[in-house]
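Chemist: Provided herewith is a single structure, encoded as C-alpha cells, for subsequent inquiry.
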Amino acid sequence: MPLISRRGAASAQGFGLNSSGKVEFSPQIYTTAGTFSFTVPIGNNSVIITTVGGGGGGGFPSSGRLGASVGGGGGGGGAGGTTTSTIVVAGGQVLSITVGVGGAAGGYGSGRTGGTGDTGGTSSVSRSSVTLITSNGGVGGVGGTGDGNLGGAGGAGGTGSTSNGAAGNAGTSANGAGWSTGGTGGASSVGAGGTAGLYSTAGGVGGSGGGGGGGSSSGFSPNDSEISGAAGGAGYVKIEMA
C-alpha cells in the first residue's frame, strides 16, 4: 500500500520516480483547518481531488431561564458536503488548498433559547486564483428553548457535487427528571458526527468534516445546569494520483 501523508504539520510527501519518468506520489491528506500549497510532481497530467467542508457546531441547551423550569437540548451540527473530481494539471503547477474550519459550538444565547452553532467552513482547491473544486460546510445545530420545552433542530448538511453531508439530529425535550439531551452531529463521507451531550457530559467534537454534538441540560434542582455542545470537525482535502 502507498504511504499516506497527512498534512497540516510538516510531513514527507512520499515522492518516487518510476521507469517512465513520472514522479509517483502517495495520497496527500490535509485535515487541519487553514491554507496549504501542493506542487504537482513532474509527469503528472491529472490528479484526483476530494474536498469535504467543515462540520457545523452543536447548539447550546436551555434550562431554568426567565421562569422556564425546563428546556430542550441543543441540536447536532450538520456534516460537510463532499466533492471528488479528476482535475487536469501539469507538473510544477502549484495548487492552493483550503481546509474549512469546523463551526464553533453555540453559546449561551439570549432569553430562554440557547445559541445556534456556527456553520462549518468551505474546503476548496484552486490554481492561480481559479477555484477547481469546492465543498460547503455543514450548518450549526439550533439551540434548545425553554419556550414549550423544545429541543433545537439539527443543522442541515453542507452541499457537495458528489454527496451532501448528513444533517445533525435534533435535541430532545426535558424528560420527567428534568434532563434533556443534545442531538448527535451528522456524519460526512470521511468523518463521524459528534456524540450527543448527555446529562453531565458535553457533546462530542465531530471527526473530519463531521458535525459537533449538541448540549444537554437539566432544569430541576439540585442538578440545574446547561452543558455545552461541541464544535464541528475541520474539513478534509485529499490529492492523489489519477
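Nothing in this text is a laboratory measurement; each read-out follows from the coordinates by a stated rule. This structure is a prediction, so every number in the text was calculated from the model and none was measured. Cβ sites come from the backbone with ideal geometry, for glycine too, and all protein chains shown count toward neighbours.
Chemist: By counting other Cβ atoms within 10 Å of each Cβ, how are I42, I133 ranked from fewest to most?
Modeler: Least crowded to most crowded, the residues run I42, I133.
Chemist: Beyond 22 Å, how much of the Cα-Cα pair distribution for segment 76-201 remains, as a whole percent?
Modeler: When every Cα pair of segment 76-201 is considered, 43 percent fall beyond 22 Å.
Chemist: Separate question: List the relative contact order of segment 171-242 as a percent without decimals, with contacts defined as Cα pairs under 8 Å and 6+ residues apart.
Modeler: That works out to 28 percent.
Chemist: Next up: On full extension of the chain, what length is gained from T86 through Y199, given 0.36 nm per residue of separation minus the C-alpha to C-alpha distance?
Modeler: 36.1 nm
Chemist: Additional query: For the chain, with only Lys/Arg (+1) and Asp/Glu (-1) charged at the beta-carbon, what is the dipole magnitude about the Cα centre, in debye rounded to 20?
Modeler: Working: 7 positive and 6 negative charges, 81 e Å.
The dipole of the chain has a size of about 380 debye.
Chemist: Sorted by packing (mean other beta-carbon atoms within 10 Å per residue), highest first, where do 26-39, 150-163 land?
Modeler: On the way: 26-39: 16.7, 150-163: 26.3.
Result, highest mean first: 150-163, 26-39.
Chemist: With no solvent and one equal point scatterer per Cα, compute the Debye intensity ratio I(q)/I(0) for segment 57-97 at 0.23, 0.26, 0.31, 0.33 Å⁻¹ and report its log10, rounded to two decimals.
Modeler: -0.87, -0.95, -1.07, -1.10
Chemist: Subtract the Cα-Cα distance of L66 and V94 from 0.36 nm times their separation in residues, and report this length gain in nm to one decimal.
Modeler: Computed gain between L66 and V94 is 4.5 nm.
Chemist: For I133, list long-range residues whose amide hydrogen, built 1.01 Å from N in the peptide plane, is under 5 Å from its own amide hydrogen.
Modeler: Counting only residues 5 or more places away or on other chains, the set is V125.
Chemist: Which is farthest toward the positive dipole end of the chain among F25, G80, G186, measuring Cα position about the Cα centre, with Cβ charges +1 (Lys, Arg) and -1 (Asp, Glu)?
Modeler: F25
Chemist: Positive end of the dipole of the chain, charges at C-beta (+1 Lys, Arg; -1 Asp, Glu), about the Cα centre: which of G121, G56, S46 has its Cα farthest in that direction?
Modeler: S46
Chemist: Still on this structure: Against the empirical 2.2 N^0.38 Å scaling, what ratio does the C-alpha Rg of segment 99-150 come to?
Modeler: Rounded to two decimals, the normalised Rg is 1.62.
Chemist: Write down Rg/Rh for the chain, rounded to two decimals, with Rg from the C-alpha atoms and Rh from the Kirkwood relation over Cα pairs.
Modeler: 1.16
Chemist: Two-decimal Rg/Rh of segment 52-131 from alpha-carbon positions, Kirkwood Rh?
Modeler: Working: Rg = 19.2 Å, Rh = 15.0 Å.
Ratio of gyration radius to Kirkwood radius: 1.28.
Chemist: Can you divide the C-alpha Rg of segment 175-242 by 2.2 N^0.38 Å and report the result to two decimal places?
Modeler: Output field value: 1.40.
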